[in-house]
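K.L.:
Sharing a structure here in structure tokens format.
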Amino acid sequence: MATAWKTDCTENAKHESVENMKTFFTNHETSEVVRKMGKEDRDGVLSWCCEGESVKIERTIASDSKPAPCALSKTHYNKPVCKDHKRVSSHKLVIQYIVPCMNTYGLCIVDNFLGNKFGDKILQEVITLHGCGKFRDGELASQKSGTNKSIRGDKIMWVEGNEPGCENIGFLLSRMDRLITHADGRLGTYTIRGRHKAMVACYPGNGTGYVKHVDNPNADGRCVTCIYYLNKNWDAKENGGVLKIFPEGKSYVADVEPIFDRLLFFWSDRRNPHEVQPAYATRYAITVWYFDVEERAQAKKRFRDLTASSQERSFAS
């Protein structure tokens, strides 16, 4: 059943400190945008199997280290093995793989998410946007810090998906939304009713990355991070740019290579500190954060209270 989605239009996705809540909620938040998701995918179904490319798992040095879970050592490949291979609906993909993998390990990966045809179209839109000079330096949480390429070296642009020249990005977002709709009520205790605008990001290939951080360390409402990668023929040994995830309390580290048409999900809170290692080739990705309705409402209330208190102190002085 289709669900009406509210898209949060805050333009600066802040990652580090609650003291910057004012920046997160003001200046860029506009009226709600409703996105209605279709009843089914364009081709009717999504198909998948387990014979995907492996994700490198690096175990930390610990006396109680255990072998990496099998579910994380292989990705789910979203393509039939052969013409006769049974195709699986997006609903089954979510129920049989994404939900159990997220609830057990806190992250999951789907390769060949859209296929080359749509992946190529999205990549071309991103390259065109980048070429038009619409990207800006990624910001740090602290306004005093501004931008610091030794900490974060990407260039970003915020996209709704309905802008001219972003139609295929919009299609990608609708496919992401559809998966989350199928997972609603099944991902932990979250009730997901909205998301952030998409952050289209480019690491220019000059050896910059993003140091270890948490997307949502202070309960701003973001519960699921969803990243789609667009990098063809990516060789991590030569190009770097690996997303390294450090699942909290686990004896392994997941090294996720940013390969073309790969979709990644993980919890946005302190359970998944992560870093982008230095990239030595142009690296593109599109990130979306989905909101838990209750946590988001509470975060907005804290912000309103903080703003009111600040104004009262200002008037008193």
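The values are calculated or read from the model by the stated rules, or taken from the named source; none is laboratory data. From a predicted model like this one, the values you see are computed outputs, not experimental measurements. Note: ideal-geometry Cβ built from the backbone for every residue, glycine included; neighbour counts use all protein chains shown. These accessible areas exclude ligands, DNA and RNA; they are computed on the full protein's heavy atoms, side chains included. Shrake-Rupley method; radii C 1.70, N 1.55, O 1.52, S 1.80 Å.
K.L.:
In the stretch 195-317, with Lys and Arg counted as +1 and Asp and Glu as -1 at Cβ, which of these residues, Val276, Cys226, Ile259, has the Cα nearest the positive end of the dipole, that is, farthest along it?
P.N.:
Among Val276, Cys226, Ile259, the one farthest towards the positive end of the dipole of the stretch 195-317 is Cys226.
K.L.:
Per the 1.4 Å probe, what fraction of the accessible area of the stretch 192-275, in percent, lies on carbon and sulfur atoms?
P.N.:
44 percent
K.L.:
Now for a different question. Report the convex hull volume per residue for the stretch 91-185, counting only C-alpha atoms, in Å³.
P.N.:
Taking only Cα atoms, the stretch 91-185 has a hull volume of 158 Å³ per residue.
K.L.:
Here's another thing I want to ask about it. Which value results for Rg/Rh of the stretch 208-303 when Rg is the Cα radius of gyration and Rh the Kirkwood radius based on the inverse mean 1/r?
P.N.:
Taking Rh as the inverse mean 1/r over Cα pairs, Rg/Rh reads 1.02.
K.L.:
Something else now. Give me the 1.4 Å probe accessible area per residue for the stretch 203-317, excluding ligands and nucleic acids, in Å².
P.N.:
Averaged over the residues of the stretch 203-317, the accessible area is 41 Å².
K.L.:
I'd like to compare 255-263, 158-166, 122-130: which one has the highest average count of other Cβ atoms within 10 Å, and what's the full order after that?
P.N.:
Ranked by mean Cβ neighbours within 10 Å, highest first: 255-263, 122-130, 158-166.
K.L.:
When the Karplus curve 6.51 cos²θ - 1.76 cosθ + 1.60 is applied with θ = phi - 60°, which whole-Hz ³J(HN,Hα) does each residue of the stretch 260-269 get, with x for Gly and Pro?
P.N.:
Per residue, the Karplus-derived 3J(HN,Hα) values read 3, 6, 9, 10, 10, 10, 7, 4, 7, 8 Hz.
K.L.:
What translational diffusion coefficient, in µm²/s and rounded to a whole number, does the Stokes-Einstein relation yield for the stretch 167-224 at 10 °C and a viscosity of 1.306 mPa s, taking the hydrodynamic radius as the Kirkwood radius over Cα pairs?
P.N.:
For these conditions, the coefficient is 112 µm²/s.
K.L.:
If the limit is 24 Å between Cα atoms, which of Lys155/Lys250; Lys155/Lys244; Lys212/Lys301; Lys117/Lys244; Lys149/Lys237; Lys134/Lys232 go over it?
P.N.:
Correct reply: Lys155/Lys250; Lys212/Lys301; Lys117/Lys244.
K.L.:
With the dipole of the stretch 93-145 worked out from charges on the C-beta (+1 for Lys and Arg, -1 for Asp and Glu) around the Cα centre, which of Phe113, Val126, Val99 lies farthest toward the positive end?
P.N.:
Towards the positive end, the residue furthest out is Val126.
K.L.:
With θ set to phi - 60°, apply the Karplus curve 6.51 cos²θ - 1.76 cosθ + 1.60 along the stretch 195-201 and write out the HN-Hα couplings as whole Hz, x wherever there is a Gly or Pro.
P.N.:
8, 7, 4, 6, 9, 8, 10
K.L.:
Taking amide H positions as placed 1.01 Å from N in the peptide plane, with prolines and chain starts having none, which residues 5 or more places from Val253, or on another chain, fall under 5 Å of its amide H?
P.N.:
Hits under the 5 Å cutoff: Glu58, Arg59, Thr60.
K.L.:
With a Förster radius of 30 Å, plug the Cβ-Cβ distance of Gln96 and Asn162 into 1/(1 + (r/R0)^6) and report the FRET value to the nearest 0.05.
P.N.:
0.40
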